[in-house]
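I have placed the structure first, in the form of structure tokens, so that the comments after it can refer back to it.
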């Protein structure tokens, strides 16, 4: 990359850093102001919920950055390997710290002890907020929607239709408005909450399907890889449609519409990757690609006094991004 190109590239990404920085400050204020500066909080929140603003900005930025990462690699296999090394180490660390805080009396875990095996299965693919799992700590609810976006994006990429971002953003937005009061959003949750092993069964089925889909995506090529990516994306879409309610009803479709809007911005503003039809690998083999390098933010923040919440618990403050 020439010096001029590098300078233009840095300028193009500077606004993202500024946007994320301000969003992070909004989230910090949202949670800190519950203990300090209550008069200031009460005054400001008459017009703007700073916590929600910060969280949604992070989703918008992810929609911009993650497609760039996928297209830069040109390989679904490479994308998932990169995501795993980027997300799982910090996620596991946060789970350990949460457990230590709970055991030492420095934090609480809602519904601790109920279906521990189901909770572990919910954490396996970070889908705890969309399955019968526990958000430990509570900020990790956002990871489930991030994972859904990754799964959908990888499935679309495998079929070469990932560039129709405006269509997908519109579809999820219209779905949230038109179908929000029609479809049984909590159907799977109501079934799994019945007495018995419902949570364990739901999470086990989800994990088996995702494992099969991602396994085929990463280990196979051509048609099998495409079938695996499609299976994983379909599982994610079903969970969003029939098993999500936290933080708000139909928030899943709103969040996905926002993330695909970020992708639209990337297409207009920062897309320097080859167009469809260029030589790229939809499955296992990667090829050199241009594009914007990934700048995914950290996946977590510090522990709070209450470090966990079950999906669906009402929080008094807007949940911060698990990023």
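Quick one: count up the residues across segment 78-97 that are closer than 24 Å to residue 230 by Cα and surrounded by fewer than 22 Cβ atoms within 10 Å (Cβ to Cβ). Reasoning before the result, please.
At the first step, the residues of segment 78-97 found to be closer than 24 Å to residue 230 by Cα are 78-88.
From what is left, the residues that are surrounded by fewer than 22 Cβ atoms within 10 Å (Cβ to Cβ) are 78, 80-88.
Going through segment 78-97 one residue at a time, the tally reaches 10.
Looking at 104, 4, 108, 34, can you tell me which residue is at pLDDT below 90 and in contact with a strand residue (DSSP E or B) (Cβ under 6 Å, 6 or more places away or on another chain)? Steps first, answer last, please.
Details: 104 fails: in contact with a strand residue (DSSP E or B) (Cβ under 6 Å, 6 or more places away or on another chain); 4 fails: in contact with a strand residue (DSSP E or B) (Cβ under 6 Å, 6 or more places away or on another chain); 34 fails: in contact with a strand residue (DSSP E or B) (Cβ under 6 Å, 6 or more places away or on another chain).
That would be 108, the only listed residue that is at pLDDT below 90 and in contact with a strand residue (DSSP E or B) (Cβ under 6 Å, 6 or more places away or on another chain).
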Could you identify the single residue in 153, 143 that is at pLDDT 95 or above, within 26 Å of residue 74 (Cα to Cα) and assigned to a helix (DSSP H, G or I)? 153
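So that you can scan it fast, the table gives a plain yes or no per residue for (1) over 24 Å from residue 24 (Cβ atoms); (2) touching a residue at least 40 places away in the same chain (Cβ under 8 Å):
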| site | (1), (2) |
| --- | --- |
| 102 | yes, yes |
| 145 | no, yes |
| 157 | yes, yes |
| 160 | yes, yes |
| 165 | yes, yes |
| 177 | yes, no |
Only residues that are within 22 Å of residue 138 (Cα to Cα) and either touching a residue at least 40 places away in the same chain (Cβ under 8 Å) or in a loop (DSSP other than H, G, I, E, B) (or both): list them for segment 29-44, please. 30, 31, 33, 34, 35, 36
Top-ranked residue of segment 142-151 - restricted to ones that are under 21 Å from residue 204 (Cβ atoms) and under 8 Å from the mean Cα position of the chain (by Cα), ranked as surrounded by the most Cβ atoms within 10 Å (Cβ to Cβ): 144
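Please enumerate the residues belonging to segment 186-225 that are over 30 Å from residue 70 (Cα atoms) and either in contact with a helix residue (DSSP H, G or I) (Cβ under 7 Å, 6 or more places away or on another chain) or not in a loop (DSSP other than H, G, I, E, B) (or both). Steps first, answer last, please.
Quick first cut of segment 186-225, residues over 30 Å from residue 70 (Cα atoms) only: 186-201.
Passing the criteria: 187, 188, 189, 190, 191, 192, 198, 199, 200, 201.
The values are calculated or read from the model by the stated rules, or taken from the named source; none is laboratory data. Because the structure is a prediction, the values reported are computed rather than measured. Cβ: placed from backbone, ideal geometry, glycine included. Neighbour counts: every protein chain shown.
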